[in-house]
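First comes the structure, then the notes that go with it.
Derivation of every value follows stated rules applied to the coordinates shown; laboratory data play no part. Keep in mind the model is a prediction, meaning the values are calculated, not measured. Note that each Cβ is placed from the backbone with ideal geometry, even for glycine, and that neighbours are counted across all protein chains shown.
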Amino acid sequence: MSEKYLLECCVDSVESALEAEKGGADRLELCANLVIGGTTPSLSLYEQIRKHSHIRIHALIRPRFGDFLYTDEEFEILKKEVVKFRQAGAEGIVIGCLTPDGELDLEKMKQLMECADGMSVTLHRAFDMCKDQLKTLELAKTLGVNTILTSGGAPSCLEGISRMKELAEAAGNSISILAGAGINADAVRTLLKETSLTHFHMSGKKVLESGMKYRNPAVSMGIPGMSEYHIWRTDSQAVRAVRTLLDECEC
C-alpha cells in the first residue's frame, strides 16, 4: 500500500474483488447489490474472497436499499452483522445512521463502533445526506471515525469539488476524506490538481453480457429499465489506470 495515496474499490463478487486487486487496489469495500448502492454482503462471499486473497477488506453494513433511518429491528441486525464480520477477520466496517432531521445518529453510531471493537470505521455516504456536513465531520471526529466516504454532497465528486476542498481542510490529520462517486483516472487527475485529497474510492465497473443463451422475452426478474442479462464487474484496467496515476504522484 502507498504511504500517501490509498485506492479503495467497492466490489460485490469474488471476481470483482480479484480484478480490483489485480488492478492495484489497496483495499476493498465489500458489498452486495451494488446496482442499488450496496447492501451488507454475506459472510460466505467474504470467506470465498479470503480463500484467494489477503487484501484488506472493509465490509459495508447496510440492511436494505433506501435511506439511513433505521428501525429498532434493522438496528439489531446491523449490530449483529458488525460482530460477525469482526469475528470473521474483516479489517473494517462501513456504516452510517441518521436521525429524521438529517443529523448523524450519535447513539446508534456509538453502539456500532462498540460492536466493531477496534476495527477501522468508515462513515459512508449517509454523510452526503446530512443537513450540515461540516458539523457532521466534527461529530465523526469525536466518535473516533477513521474515514468519511463522500462526494461533497453532490451527485459526483467533481460536482462537489468545492465542498471536497472544505472537507479536506477541516479534516486535517484527524480523519481521512475518501473521495467517491465518479472516480476514474480523469477525475482523480483533476482532484489531485485542485485538492489535497489522497484517498479515492471507485468501482471501476464494466458491463458484461450474460452467458444465458435462452432468454424468455415475456418475463423480467430485474429492476425496471435494467437488463438482468447485464453483469456488473470491476475492470482491472480501470483500476490500474488510477493506480498508475497515483504511483506517478509518489515519485
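Only a single item in (1) among the acidic types (Asp, Glu); (2) closer than 27 Å to Ala187 by Cβ; (3) exposed (fewer than 15 other Cβ atoms within 10 Å of the Cβ) is not met by Asp128, and it is number (3).
The criterion of at least 1 residues that are surrounded by fewer than 16 Cβ atoms within 10 Å (Cβ to Cβ) and out of contact with any Cys (no Cβ under 8 Å at 6 or more places or on another chain) is met, among strands (runs of 3 or more DSSP E) falling completely within region 196-251, by 205-209, 230-234.
Tell me, please, whether a residue that is part of a helix (DSSP H, G or I), farther than 25 Å from Val82 by Cβ, small (Gly, Ala, Ser) and within 19 Å of the chain's Cα centre (by Cα) can be found in region 180-189.
Yes; the residues of region 180-189 include at least one that is part of a helix (DSSP H, G or I), farther than 25 Å from Val82 by Cβ, small (Gly, Ala, Ser) and within 19 Å of the chain's Cα centre (by Cα).
Those residues that are among the β-branched types (Val, Ile, Thr) and more than 21 Å from Lys84 (Cβ to Cβ), I need them from region 19-48; list them, please.
Hits for region 19-48 are Val35, Ile36.
Once region 155-185 is narrowed to residues that are more than 24 Å from Lys206 (Cβ to Cβ) and of a type in the set (Gly, Ala, Ser), the residue that is surrounded by the fewest Cβ atoms within 10 Å (Cβ to Cβ) is Gly172. Being among the basic types (Lys, Arg) and over 26 Å from Gly160 (Cα atoms) is a condition met by at least one residue of region 101-123.
What number of residues in region 1-13 are assigned to a loop (DSSP other than H, G, I, E, B) and surrounded by 20 or more Cβ atoms within 10 Å (Cβ to Cβ)?
3
If you check Thr147 against the conditions, is it buried (at least 16 other Cβ atoms within 10 Å of the Cβ) and in contact with an Asp or Glu (Cβ under 8 Å, 6 or more places away or on another chain)? Considered against the rule, which asks whether it is buried (at least 16 other Cβ atoms within 10 Å of the Cβ) and in contact with an Asp or Glu (Cβ under 8 Å, 6 or more places away or on another chain), Thr147 comes out as no.
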